[in-house]
Structure formats: structure tokens, C-alpha cells
1. Among GLY218, PRO186, PRO286, whose Cα projects farthest towards the positive end of the dipole of the chain, with charges put on the beta-carbon of Lys, Arg (+1) and Asp, Glu (-1)?
2. Obtain the nm distance between the two label points defined at LEU134 and GLN108 by a simple spin-label model: each point lies 7 Å from its Cα along the Cα-to-C-beta direction.
3. What number comes out for accessible area per residue over the chain if the probe is 1.4 Å? Units Å², please.
4. Just reorder THR159, THR262 by solvent-accessible area, largest first, 1.4 Å probe, all chains present.
5. Quick one: 3J(HN,Hα) in Hz for the range 138-147, Karplus 6.51/-1.76/1.60 with θ = phi - 60°, rounded, Gly and Pro as x.
6. Lys/Arg Cβ at +1, Asp/Glu Cβ at -1, dipole of the chain taken about the Cα centre: which of PHE65, GLY239, ALA138 is farthest positive-ward?
7. Leaving out ligands, DNA and RNA, and with a 1.4 Å probe, what % of the accessible surface on the range 85-202 is carbon or sulfur?
8. With θ set to phi - 60°, apply the Karplus curve 6.51 cos²θ - 1.76 cosθ + 1.60 along the range 304-316 and write out the HN-Hα couplings as whole Hz, x wherever there is a Gly or Pro.
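The values are calculated or read from the model by the stated rules, or taken from the named source; none is laboratory data. Everything numeric in this text was worked out from a predicted model, so none of it was measured. Here the Cβ positions follow ideal geometry from the backbone for every residue, glycine too, while neighbour counts run over all protein chains shown. For accessibility, only protein heavy atoms count, side chains too; no ligands or nucleic acids. Shrake-Rupley method; radii C 1.70, N 1.55, O 1.52, S 1.80 Å.
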Amino acid sequence: METLAIKDIQGYVIRGYKHMRYSRYLLLQITDPPKARQFLAWISPMLTNVEHHAKTSCLNIAFTFQGLKAIGLLEGNLERFSREFREGMVTPHRQRLLGDLDSSDPGQWLWGGPSNEEVHLLLMIFGAEKRLALEHDARFQKMFPQSGVRQILNMDGQTLPRNKEHFGFRDGISQPIIKGSGKTGPKDDFINAGEFILGYRNEYGVYPESPLILGEQGNPLDLPDDPSGSGKKDLGMNGSYMVMRQLQEDVDGYWTFLNEKTKNEDGSLNAAESLKLAAKMMGRWPSGAPVVKFPDADPGHLSDDNDFNYSKIDPDGLRCPFGSHLRRGNPRDSFEDNRPAE
């Protein structure tokens, strides 16, 4: 197991801040690069890393590709980032892959689309309660006018009661545990750091491709060497790629569809069958209990059970369908016909 540089890894990548009940996401644009660089130097000591165990609030930051360009990264160094990151989500090719068509077309997005203002920075503020998050935000609002950045939009999030999402299902249960992070859990949940964090070996025992400094820029002593042995400096080490998407959930449409598909022969509502079909689609009951362990009914009590697999108990998908949200998102052991070498 590799030793993680936990002081140089943003806490959100590993910890998820489950105890932070309120969040504010600030979408920013760089208007004056020299001033923005000073702002980043000022803010960097405040960023929450993995070692911090903040109880009141947390702060993290992310750049878009255009943001790195705006802050002054040279073209040759920008080209070392992954294709997906460089292209973004609005190219025709990416639209087809993501299904962003018709009502989901980027041209209709509230932000991030071709007709919206360009986003350069994402500042993420988390608070154990709303007041703490907003107090943290107020400090930055005073700084922005002289910091070379301008706020485009802010979005707020709040954890719903009993950790349930809008469709009514318990959320945030199934999370991978990165080896070396100090977290504990079921052995099958552990995964090599390189699956999420640049500069470490992944499940195949190789280093993921990371943006290297090819053209001289900045102080080379500030960056670590490429662990792959290229002799170049590694700009990506201890960083990660992040996706930020805002989705609209049609709760009424979802339950109306389920109710229609499970009606009794006389046309009356069959609430039990509607709930069962919803659970089969999700892979968990509203309580959080996994369908693969409880295929017929919700045991009732709130459950964060994540200690299960599929290949032995449900190889044919008769308990938890192959097409369920849970099984598609994480097939666990049900598709590993070959070991990593093969």
C-alpha cells in the first residue's frame, strides 16, 4: 500500500464531508490573472486537506480547463491534461456520449453551456449548518472585487432528513475507500489510490496518465517528480479530475410512472408493488437496505449496509436487476471474469 501525501490532497476527494449538512458552490470567472494568482496564494492555506478534521466548515477548489488557461498555464502544458477535461461536456461528441440532447441540450443549460458565461473556478464551501457555510462565504464575497475574480452564480445544497435524496431513497451509502486514507470499512470497498488520485498506482498496478510540465514554467522545485520516471515535473500529482453537473429530478413523473406500471387489474393503486418496482430500479429500498439481500420487501429500519456482492447470491440478476442504478453504477464482483492481468 502506497503512503498518501494527505497534506497535499484536498479533503473532499477522500472524506466526502458527510457531516457537513449545508454546501454552497461558487462559480467564478477570472477577470485579472495577476490579481487572481494573488487571491489563490491567499486562499490556498485555507483549503481543507485530508489531514484536517474540520467540525464546522470546509473549503475546497477546482479549476476548469479554461480556468487553467486564464490563470496563465502555457499551451504546451495545458495539452498534457486528459482529452475529456480539455474538451469539456459540450462538444457534439461528448453530447452523444452523455445523452445531452433535446431538453438536456447544453444550449438550454443554466450554466456551463455554449451560451453561458465561461466558468473558470469552482469554490466549494461546506458547513455543519447553514449559518456556518454562509459566514464562510461572506468572507470571500468581500474579497472578490479586488481579487481578480467575478462570481457568475452560486448554488446551494442541503442534506435532506435521514440522508434521503429527492426520490425518497437513502443516499450516500456506497462509497469506495481509498487505501492509505485511514478510513475503515468492508474489505471489498478498498481500492488503490490511483483509481482516483493522480501520482499513485491504480488497480492495474500502473500510474494513471498525469499532466506533466513540458515547457518551463514557474519554479520547478515547487512540484514533485513524475513517479513514472520520465524526468518531468508532475503538475497533477495528488490532484484528481472532478465532474460537476446540475441535474433536475422529476419526482412526480418518476412516481407517476411507477404507479401506472403497477396498478391492480381494476385500475386501483398498488402501493406495495409500486415501491417494489422502484426498489428494483434503484437496487436499494428507501431505507437503504440492499435489494440483493432483501428481494421481496423493505426490512424497514434505516440501513447503511454496503457489505455485499452479487456473483454468488444473485448471478442471474433475479434479486437485484443488472439494469438497476446500484448494479450499473458498481457491478462489484459480478463482471470479473478475468483477473487484472488478462
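1. The residue sitting most towards the positive pole is GLY218.
2. Here the answer is 3.3 nm between the modelled labels.
3. Value for the chain: 58 Å² per residue.
4. Correct descending sequence by accessible area is THR159, THR262.
5. Residue by residue, the range 138-147 yields 4, 4, 6, 4, 5, 7, 3, x, 10, 9 Hz.
6. The residue sitting farthest along the positive end of the dipole is ALA138.
7. Taking all protein chains in place, the range 85-202 shows 51 percent carbon and sulfur surface.
8. 10, 5, 10, 9, 7, 10, 10, 4, 8, 7, 8, x, 9
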